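The values are calculated or read from the model by the stated rules, or taken from the named source; none is laboratory data. Treat the numbers as computed from the prediction; the structure is a model and nothing was measured. Glycine gets a Cβ as well: all are built from the backbone with ideal geometry, and neighbour counts include every protein chain shown. Only protein heavy atoms, including side chains, enter the accessible area calculation; ligands, DNA and RNA are left aside. Shrake-Rupley method; radii C 1.70, N 1.55, O 1.52, S 1.80 Å.
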Amino acid sequence: MERREDADELAVLGFTSDELHEMGLAEPATGDPEQLMDVYLRRSKKQEDVATLRGHLRDMVRWAKANNVSIRHVWLEQRSASKAHVRRDEFEAAKAAVLARRSLTLGVWKTDRLDRRGMGEVGSLLDELDRRRARLVSISEGLDSSKGGRMVFAILSERAREEAKDISLRVQIGLDSHRILGRAPGGKPPYGVRHVGDGKVGPDPAEYPTARAIADALLAGDAGTTISHRLTAEGATTRTGRHWSANAVSRMAQSPLWAGLVPYRERQTDEYGNPIDKWGWKAEPLLDAEGHPVSCGTGVVSVTEWYAIRTYFGSRTVAGTVGRHGVRSASKILTGIMRCHHCGVGMVSGGDSYRCRTRMEGGPAACLGVRTSAARVDWMVGEMWVTHVSALEPDDPVLSEIARRWLAYQDPERAERQRHVSAALDDAERRMTELEDAYFVHGRIKRDRYEKLASSLTDQIEGQRTELTELQRQSDLTPLLDGVLLAEAWEAAELVDKRMLLRCAIDALTLLPSTGQGDRRPIEDRLDVKWVSADA
């Protein structure tokens with residue numbers, strides 16, 4: 001028996017083989033697109049029971065039989081339908097299948113199961129379906145977009161949008177109400193602390209001794225770097241098994257949960273000041289109506305000790321510097337590109353040098369580390385890049401690969417379009433193979449129908465191949481073939497462009513260790529470069 005494409009989705013729903021046979025979902029559906037339907041089922045969370053979804057599918061099977069339509073594919077989604085930043089892959093696949101005319105009916109149990117983002121989203125979908133003479137049906141609401149149900153869809157989609165806002169508000173009020181009563185938020189608490197049940201936290205027996213030692217060192221005035229180096233030398237690691245660093249110590253110690261306090265959560269807004277569905281934790285405790293921090297249990301330190309540690313970190317940071325209010329951007333060309341020979345971790349710039357990040361954070365016990373002057377290695381790598389690329393022949397596939405990477409960086413929209421066209425071409429070729437099997441092997445469709453569909457698919461494939469060829473066409477590579485022009489382009493390039501040009505030609509760059517103080521070898525002897533190859 002031939003296996004259905006959606007066999008895995010049906011298995012998740014828990015139907016037995018007898019039930020699938022009874023519903024007509026045991027074998028692949030056949031027929032013209034007008035006689036086929038794609039079904040979209042959705043639940044917001046994986047933890048929810050699938051019994052309701054089974055009931056939804058049974059209702060849709062009954063509707064399909066009553067309307068002489070066969071269900072071609074059941075698409076099961078386990079995502080929210082109201083969050084704009086959440087990509088729903090199964091929904092997009094169901095929509096793409098109907099827009100590609102594999103079937104001409106997209107069925108949902110109810111409008112709010114389709115989308116909760118309003119008529120702006122549903123309306124554009126209806127426009128696309130209308131252009132292809134396809135339709136959207138809502139089974140429980142008795143709606144069919146091909147029979148004048150568009151206005152009702154508009155009302156119901158806006159109603160679903162308002163319901164999503166109400167649900168979000170009720171959930172948020174409930175969470176805030178629990179926090180003000182002293183319940184810790186979900187997620188992993190900082191090192192040394194664990195959830196003990198009923199929304200409370202307490203010391204973690206396995207981690208508390210190390211965490212308390214860190215607290216005592218901070219209260220004694222030790223710097224985070226000193227503490228992290230000491231812990232690494234003693235063989236202590238973080239919860240994830242990594243070496244301790246000054247940043248790890250700082251983040252852990254400044255979390256309100258480290259003192260058994262409920263952290264304050266702040267909602268983010270868009271560019272117009274409207275609240276969005278993203279939240280950020282601040283290193284501040286939640287305050288009650290009287291201005292006192294809300295406790296949710298016992299941490300590693302007392303509240304008094306925690307405020308003393310916070311004051312200590314504040315005294316060591318200059319307010320208004322980049323490190324306190326933002327992410328410091330790379331100031332050297334090879335930051336993050338060149339790696340340490342010993343640990344393989346990216347090098348970072350410190351002053352006039354490149355240094356091993358692992359050595360900086362964990363000390364000599366974490367990595368022996370390597371170090372070199374930034375100015376001379378930046379200059380030498382630039383010279384090596386110009387010499388290597390300008391020596392390539394015009395027809396060298398390596399040059400084409402370098403150019404492809406650079407063009408993808410310069411024109412990401414074009415690169416993304418190329419990816420989409422390539423995927424669409426693969427899908428069209430797959431459907432052509434299925435069509436030929438259905439006609440030549442299984443004899444499930446008539447000759448005139450096959451010729452019509454084959455002609456349409458052939459035109460589609462040819463058009464996509466033509467567009468893909470145009471997108472893949474190389475631009476003028478003359479600057480990459482002339483050493484003088486290349487050197488001038490390199491000198492004129494901004495820092496971010498130089499870094500990207502290096503990444504286009506270099507797959508790996510490792511700094512080898514020196515022979516000791518006074519090593520007079522040329523810097524190129526300490527650079528292990530793996531250039532991009534044709535099969536990269």
Item to check | Charge sum, other residues only, whose C-beta stays under 9 Å from S349's C-beta, Lys/Arg counted +1 and Asp/Glu -1 | outcome: +1
Checklist entry - Where does each of 352-365, 240-253, 21-34 land if you order them by average Cβ count within 10 Å, highest first? => result 352-365, 240-253, 21-34
Checklist outcome for this item: Charge tally for neighbours of D437 with beta carbon under 12 Å away, counting Lys, Arg as +1 and Asp, Glu as -1, is 0
Checklist entry - In whole Hz, what ³J(HN,Hα) sequence does segment 425-437 give by Karplus (6.51, -1.76, 1.60; θ = phi - 60°), x for Gly and Pro? => result 5, 4, 5, 5, 5, 5, 5, 5, 4, 5, 5, 5, 5
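Which entries in K110/K446; K188/K332; K65/K147; K110/K147 show an alpha-carbon gap greater than 24 Å? If you can, show how the numbers build up before the last one.
On the way: K110/K446 35 Å; K188/K332 35 Å; K65/K147 19 Å; K110/K147 17 Å.
Beyond 24 Å between Cα atoms: K110/K446; K188/K332.
Just reorder W306, W75 by solvent-accessible area, largest first, 1.4 Å probe, all chains present.
Numbers: W306 0, W75 30 Å².
Result, largest first: W75, W306.
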